[in-house]
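Written below as structure tokens is the structure these notes are about.
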Amino acid sequence: PTYAYEKMRRQLELDMKELWFTVRGHATSIGTSDFEQIQDIYRLLRSYLLKLRQEDGYETYRERETQELSKIMQNRINTLQNPPDCEKAKKVVCSINKGCGFGCQIHHVVYCMVVAYATSRTLILESKGWRYNRQGWDKVFLPVSDTCTNALGSSRADWGSGNHDVQVLTLPIVDFMKPRPPFLPITIPSDIAGRLEKVHGEPHIWWVGQFVTYLLRMQPQTQVLLDEAKSKMDISSPTVGVHVRRTDKVGTEASFHPLKEYMVHVEEYFAIREKYEGPVQRRVFIASDDPNVISEASRTYTGSQWQIMGDRTVAQSASVAQRYNGLIGIIKDVFLLAECDYVVCTFSSQVCRLAYEIMQTKHADASGRFVSLDDIYYYGGGSGTIQKAQFVHKPRSSGELELEVGDKIGVAGNHWNGMSKGTNQRTNKVGLYPSYKARNVFAKVNFPRDKWWTQ
Ligand code: GDP
């Protein structure tokens with residue numbers, strides 16, 4: 001396919017969604033039967049688009065191309081992690097023990113690995129005494145290197161100490177990184193950006209997914225446990241994954257959302273599939289830190305079309321999971337979510353973002369396979385999402401943003417009602433604008449060759 005074709009196909013899907021969000025946002029001012037008719041047409045159009053993708057003859061290309069790009073990346077990371085001479089290799093040292101949950105810690109290690117990749121250094125991961133497994137990373141996942149695991153070297157310094165040419169460089173957590181290099185997520189590598197942007201609608205998430213995939217290679221005994229969990233659930237297509245984050249997160253970092261709010265989107269997904277497939281078994285995999293959510297779903301969605309799955313026994317809050325061997329539980333939940341065709345969750349949770357990143361590596365162009373009830377995708381401690389205005393926007397009320405074509409907008413969030421909020425970097429004003437009038441743009445970084453320390 002041409003680049004223009006792929007871009008247009010994805011744009012069509014994005015804008016159809018925005019059209020629907022706009023209608024939904026105005027549901028109260030539309031009569032019920034009109035609303036239902038619009039919804040029906042919307043579902044039909046989305047199903048045509050899905051069908052079109054299946055029928056256009058390019059799906060094998062998409063699969064081959066994403067697999068090939070993954071292979072390139074996995075090879076590069078593997079080569080970097082296994083230098084010919086560990087004694088002479090340049091290294092970055094990263095301690096996993098950031099004081100936070102599993103998703104957060106993995107994102108912390110991903111950041112370290114991005115620094116390692118960008119600076120052509122081998123990542124040394126320090127994990128003894130890890131809060132999720134005292135014996136360390138290697139008890140659960142494959143070591144990040146087969147040949148080079150010690151942090152020894154002839155010279156050593158901390159990132160930011162001014163001396164970046166030492167053999168061993170120790171990294172802080174991302175929030176304390178000074179100077180901040182230009183390659184932190186969300187960016188994409190310029191050497192494969194052309195191929196990647198053609199084949200993937202969310203190349204920045206695919207990119208993070210590559211590091212996650214390398215890191216989370218299981219030890220055989222972990223794989224056995226994961227396979228066991230998989231065999232108990234039927235995650236065959238179509239299955240929607242739902243992640244409901246409750247316990248310590250609610251009221252501190254995110255709002256409470258009732259199960260029903262998630263399930264509306266699950267129903268929407270199946271309704272679109274059913275437009276062209278006919279009735280399907282509505283399989284739903286539910287993961288949560290609160291076991292009651294799984295019981296509630298099983299109690300509520302009882303019709304024969306529903307198949308509600310989820311393991312109450314692995315649902316644990318972060319504080320409990322750290323103390324009582326909760327690592328395997330969260331690994332199972334994350335990987336089963338990633339196996340699903342689609343996820344409905346809150347992107348404020350690192351657990352769901354992690355699952356979505358892994359999902360990107362399991363399908364050809366898995367962009368758009370999510371509904372988030374709150375945030376857009378982001379990378380904590382990285383740079384935020386930037387959009388470029390495609391159309392002029394004249395404010396219709398005081399809270400709206402004026403846009404000229406080409407304006408860059410720092411996005412604060414999508415309100416999922418047709419409007420997004422952001423800062424116009426030209427005028428420095430903050431306000432709302434119709435989401436369809438702007439598109440994501442990604443910083444392309446020429447790594448690993450950048451001379452970042454001179455910037
Ligand atoms: P966040 O707080 O949701 O952004 O994500 P973190 O990963 O930083 O912390 C959440 C922690 O809560 C996880 O690491 C798990 O220990 C636990 N948790 C959250 N959601 C789930 C879930 O769906 N299943 C299981 N088993 N544990 C979860």
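The values are calculated or read from the model by the stated rules, or taken from the named source; none is laboratory data. Everything quoted here is computed from the prediction, not taken from an experiment. Note that we place each Cβ from the backbone using ideal geometry, even for glycine, and neighbour counts take in every protein chain shown. These accessible areas exclude ligands, DNA and RNA; they are computed on the full protein's heavy atoms, side chains included. Shrake-Rupley method; radii C 1.70, N 1.55, O 1.52, S 1.80 Å.
Summary table
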item	result
Total residues in the stretch 151-180, condition at pLDDT below 95, of a type outside the set (A, V, I, L, M, F, W, C) and assigned to a loop (DSSP other than H, G, I, E, B)	10
Failed item, numbered, when S319 is tested on (1) under 29 Å from T361 (Cβ atoms); (2) open to solvent by 30 Å² or more (accessible area, probe 1.4 Å); (3) among the polar types (S, T, N, Q); (4) within 10 Å of the ligand (Cβ to nearest atom)	(1)
All positions within the stretch 336-382 that are among the polar types (S, T, N, Q) and either surrounded by 24 or more Cβ atoms within 10 Å (Cβ to Cβ) or within 14 Å of the ligand (Cβ to nearest atom) (or both)	T346, S348, S349, Q350, Q360, S372
Unmet criterion (only one of (1) buried (at least 22 other Cβ atoms within 10 Å of the Cβ); (2) on the phi > 0 side of the Ramachandran plot) for G406	(1)
Any chance H257 is within 23 Å of F370 (Cβ to Cβ), in a loop (DSSP other than H, G, I, E, B) and open to solvent by less than 40 Å² (accessible area, probe 1.4 Å)	yes
Answer residue from the stretch 103-124, given it is assigned to a helix (DSSP H, G or I) and without any contact (Cβ under 8 Å) to a residue 60 or more places away in the chain and is farthest from L216 (Cα to Cα) among those	A116
Out of R299, R282, R273, sole residue that is touching a strand residue (DSSP E or B) at 6+ places or on another chain (Cβ under 7 Å) and modelled with pLDDT of 95 or more	R282
One residue from S47, S29 being farther than 23 Å from W206 by Cα and either surrounded by 13 or more Cβ atoms within 10 Å (Cβ to Cβ) or of a type in the set (V, I, T) (or both)	S47
Filtered residues of the stretch 411-455 (kept if more than 19 Å from the chain's Cα centre (by Cα), more than 26 Å from A27 (Cα to Cα) and either part of a helix (DSSP H, G or I) or at pLDDT 95 or above (or both))	T423, N424, Q425, R426, T427, N428, K429, V430, W452, W453, T454
Selected residue (only one of E6, E63, E59, E68 is crowded, with 18+ Cβ neighbours inside 10 Å and either closer than 25 Å to I205 by Cα or modelled with pLDDT of 95 or more (or both))	E6
Hits in the stretch 299-316 - residues which are small (G, A, S) and surrounded by fewer than 16 Cβ atoms within 10 Å (Cβ to Cβ)	G303, S304
Answer from D146, D234 - the residue that is under 25 Å from S367 (Cα atoms) and open to solvent by 20 Å² or more (accessible area, probe 1.4 Å)	D234
Residues of the stretch 272-307 that turn out to be in contact with a helix residue (DSSP H, G or I) (Cβ under 8 Å, 6 or more places away or on another chain), away from the ligand (no atom under 15 Å from the Cβ) and closer than 18 Å to Y262 by Cα, as a count	5
Answer residue from the stretch 237-254, given it is assigned to a helix (DSSP H, G or I) and open to solvent by less than 70 Å² (accessible area, probe 1.4 Å) and is farthest from T79 (Cα to Cα) among those	T247
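Here is a yes/no grid of residues against (1) loosely packed, with under 15 Cβ neighbours inside 10 Å; (2) of a type in the set (V, I, T); (3) away from the ligand (no atom under 16 Å from the Cβ):
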position	(1), (2), (3)
F35	no, no, yes
I38	no, yes, yes
R53	no, no, yes
C86	no, no, yes
V93	no, yes, yes
C100	no, no, no
